[in-house]
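Just below is one structure, and these are the notes that go with it.
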Amino acid sequence: MNRPGSVQTNLLFARPALPRRHPRYVTALVANQSLGGGASSRLFHVLREERSLTYGAYSNLSPRVAAGHFAAAIDCRTEVTSEALDGLLSLIRVYAEEGPTEAEHVRSVKNLLGTFVLGRETPGAILQDEVTRLLHGLPDDEFATWRDRVAAVTRFQARDAARDLFAPSVGVLAAVGDAATIRPVLERFGDVTLWDSDGPRR
């Protein structure tokens, strides 16, 4: 989307992943936590804290009933769009090949186990779990066994999930910012469709 004169670029990479009821969903969730699931993740640490390229850098899984996708997003200054995008895709590519370090994996599992409990302190949250279970056709014990299944994920299983579901060899890039500046950056990766007030155009 063209935003003439913008001093900031919003970048999003997305690719197909898996539906919520897939047997590897929990493993993929653990893998994503290490890559971009929070402020202690690799994307945030390298792109924001080490290199100061972005205001934030995160990734997530969006599982649906029939399918789902993996996405990673950053917000950066317009003048560093190219460097930030290259950094984002490079980090995802390396992570998809090598997976998390042992320290990253241990930290991510601990984080997911802790936030699971905190996120279910109200009746409304528990009700939402039941709605999710019914909507996605999940087993009766889906959330009763959740913490055990998260704890059982190994670093190598997380690596394999990242390799299959996160690799940027397929997918799409979307950006919001000053088209005159960022379009040449995006054209390095393929054909670009520009959206502005008149709609889409090549």
Once label points are set 7 Å from the Cα along Cα→Cβ at both Glu102 and Ala125, what is their separation, rounded to one decimal in nm?
3.2 nm
Compute the distance in nm between two label points, each set 7 Å from the Cα along the Cα-to-Cβ direction, one at Arg188 and one at Val117.
4.6 nm
Once neighbouring chains are kept in place and the probe is 1.4 Å, which whole percent of the accessible area of the stretch 49-202 is contributed by carbon and sulfur?
55 percent
I'd like the FRET efficiency for Glu83 and Ser62, computed as 1/(1 + (r/R0)^6) with the beta carbon distance as r and R0 of 22 Å, rounded to 0.05.
0.25
What angle do you read, to the nearest 10 degrees and between 0 and 90, between the alpha-carbon axis of helix 155-165 and the longest principal axis of the chain?
50 degrees
Grab the beta carbon distance between Leu134 and Ala180, set R0 = 41 Å, and tell me the FRET efficiency rounded to 0.05.
0.25
So what's the back-of-envelope 222 nm ellipticity for the chain, counting only DSSP H runs of four-plus at -39500 (n - 2.57) apiece and dividing by all residues, rounded to 500?
-13500 deg cm²/dmol
Averaging sequence separations of C-alpha pairs under 8 Å and six or more residues apart, then dividing by the length of the chain, give the relative contact order as a whole percent.
36 percent
Across the Cα atoms of the stretch 87-202, what radius of gyration and what greatest pairwise Cα-Cα distance (Dmax) are found, in Å?
20.1, 53
For the chain, find the longest principal axis of its Cα atoms and tell me its angle to the long axis of helix 25-36, 0 to 90°, nearest 10.
50 degrees
Added length on full extension, which subtracts the Cα-Cα distance from 0.36 nm per residue, Arg147 to Val94:
16.3 nm
Charges at C-beta only: +1 for Lys and Arg, -1 for Asp and Glu. How large is the resulting dipole of the chain about its Cα centre, in Debye rounded to 20?
180 debye
Once you charge only the Cβ atoms, +1 for Lys and Arg and -1 for Asp and Glu, what is the size of the charge dipole of the stretch 1-57 about its Cα centre, to the nearest 20 debye?
280 debye
Please give me the summed charge of the neighbours of Lys110: other residues whose Cβ is under 12 Å from its Cβ, Lys and Arg +1, Asp and Glu -1.
+1
Solvent exposure of the stretch 72-191 as accessible area per residue, Å², 1.4 Å probe
54 Å²
Looking only at Cα atoms, what is the convex hull volume of the chain per residue, in Å³?
138 Å³
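The values are calculated or read from the model by the stated rules, or taken from the named source; none is laboratory data. Owing to the predicted nature of the structure, the values given are computational and were not obtained by experimental measurement. Cβ sites come from the backbone with ideal geometry, for glycine too, and all protein chains shown count toward neighbours. These accessible areas exclude ligands, DNA and RNA; they are computed on the full protein's heavy atoms, side chains included. Shrake-Rupley method; radii C 1.70, N 1.55, O 1.52, S 1.80 Å.
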